[in-house]
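Let me begin by presenting the structure, written as structure tokens, before commenting on it.
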Amino acid sequence: MTIPAKRLIVPVFGLLTIALLAGCPPQGNGPTDPRVEPVDTQPSAEDKLAAQEAVEAIESLGGEIESGDDGMIVGVNLVGTGATDEDIKRICGLDGLKGLTKLRIASPDVTDACMESIETLSALRVLDVGDCRVGDEGVAQLKGMQNLEEVKLTRTNVRDAGLKHLAELPNIKRVFLARTYVTDDGVGELAKQKTIELLDLRDCNLLSDKTLEHVKALENLKSLKVWGPQISDDGMIHLCGLKKLKVLGLQDTAVGDAGLACLKDMTTLEEIHFFRTTIGDEGLGALKGNTRMRVANLRDTQVSDDGMAHLRDMKELTTLDLSETGVGDDGMEHIKGLEKLNDLKLWFSFVGDAGVEHISNLANLTRLNLEKTDLTDAGMEHVKKLKKLQYLHIGSTQVTDTGLEHIKELTDLKDLVLTFCPGVTETAVDDLKKALPELTVDY
């Protein structure tokens, strides 16, 4: 007798359900199946022997090695060894480096000729060939490196064609191109790779506002540093949409106060490097509401005491450079509440004894530069309150032997610079060294 299909559906489905439930393994932290042998992730004797051979080869060149928790080599540093193409080829062929994730070279004797060998290091994530004679053809050899995340090409022969090859790396995140001859067009090619998070273009003098227009496509960009007088206020508008940007460098650009207006709502910024620009107090006003700022390099800008008021609420600030600015004693009063400051540079500013008194309560300061300021012995009475100081520069000031006496109370001080202080004698310096035997004095 034939049974209709409809009548079979329910009983068959029920039987299948029971069978499946009966066969399901127990959930939770029950005992493991003794029939399943655990996977041994420890390196074998052969692996260890190969690693040792690699160590000997690298050390013979004067290189440094970084090992993982299992003792296998994960990093190689050949900077300063004078390695050649043949050295790199030999090292890349060692079995003990198959798991290498970081390689740093920096040698003028390394060229495109060895890049094909580097491409065989499939686990590599960080590659530094800065200061090598590597060019576009060498970069093209990296196309098969699926895991590569960081490439440093500082002071190399890489040009626009090389950037097109870099854009083909699927996981590239950080690209360092300082002091290369890349142009706006090359940056446009690189900007097609949306994975990029860091782009260093310092001292690339062929770039213009067009570069910033290309960069706006990098939606994951967290750090951008550009350079050159052809980058101006007009280009800054393109940065408004970079919602993840944390670090911005505008060194030696033509960007001024008007250009910073686009940063008003960019609350993600944590570092600014505005060295040698015309940015002034009004420009800093655009950053007034930022509460994440940790580093502010304002050296050789147009900022003054009034601009310091915009920094007052940046409570996370740890590093501040006001060298070669118009900031003086009144400006120090505005920043005296920045309790996390540990590095303060006031070189060639208008700060004097009164200003030092304002910052004498910054208990976490470990580095202080007062070179070429109006500091006198009276100000040293306030400097001595900064008990955590490890580095102090008071060169080219009016400090004398009398002021030097106060330094004896800075027991954590490791480095002191006293150059061009005519009021300080060798006798006083020797006496200070006896009081602080661990202190190094540049006199």
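The values are calculated or read from the model by the stated rules, or taken from the named source; none is laboratory data. Given the structure is predicted, the values throughout are model-derived calculations rather than measurements. Note that we place each Cβ from the backbone using ideal geometry, even for glycine, and neighbour counts take in every protein chain shown.
Numbers below:
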item: Residue satisfying condition, being within 19 Å of E59 (Cα to Cα) and among the aliphatic types (A, V, I, L, M), within set L97, L166, L148; result: L97
item: Residue in region 280-293 that is surrounded by fewer than 18 Cβ atoms within 10 Å (Cβ to Cβ), of a type in the set (A, V, I, L, M) and in contact (Cβ under 8 Å) with a residue 24 or more places away in the chain present; result: no
item: Where A106 falls short, out of the listed (1) on the phi < 0 side of the Ramachandran plot; (2) part of a loop (DSSP other than H, G, I, E, B); (3) crowded, with 19+ Cβ neighbours inside 10 Å; result: (1)
item: Failed item, numbered, when K388 is tested on (1) surrounded by 23 or more Cβ atoms within 10 Å (Cβ to Cβ); (2) over 17 Å from D442 (Cβ atoms); (3) not polar (S, T, N, Q); result: (1)
item: Qualifying position, being within 28 Å of L100 (Cβ to Cβ), at pLDDT 95 or above and touching a Pro at 6+ places or on another chain (Cβ under 7 Å), among D200, D131, D136; result: D131
item: Residue identified as in a helix (DSSP H, G or I) and β-branched (V, I, T) among V187, V182; result: V187
item: Flag for G395 being in a loop (DSSP other than H, G, I, E, B), in contact with a Lys or Arg (Cβ under 9 Å, 6 or more places away or on another chain) and over 18 Å from L311 (Cα atoms); result: yes
item: Hits in region 254-280 - residues which are over 19 Å from L341 (Cα atoms) and in contact with a Ser or Thr (Cβ under 6 Å, 6 or more places away or on another chain); result: A254, V255, G256, T277, I279
item: Matching option when the condition is within 15 Å of I118 (Cα to Cα) and out of contact with any helix residue (DSSP H, G or I) (no Cβ under 6 Å at 6 or more places or on another chain), among K152, K192, K173; result: K152
item: Matching entry among L245, L177 (being buried (at least 19 other Cβ atoms within 10 Å of the Cβ), of a type outside the set (V, I, T) and closer than 25 Å to L287 by Cβ); result: L245
item: Answer from L100, L142, L124 - the residue that is under 21 Å from the mean Cα position of the chain (by Cα) and either over 26 Å from L221 (Cβ atoms) or at pLDDT 95 or above (or both); result: L124
item: Residue check, E381 modelled with pLDDT of 95 or more, more than 24 Å from I272 (Cβ to Cβ), charged (D, E, K, R) and part of a helix (DSSP H, G or I); result: yes
item: Wholly within region 264-371, helices (runs of 4 or more DSSP H) carrying at least 3 residues that are closer than 21 Å to K225 by Cα, touching a helix residue (DSSP H, G or I) at 6+ places or on another chain (Cβ under 8 Å) and polar (S, T, N, Q); result: none
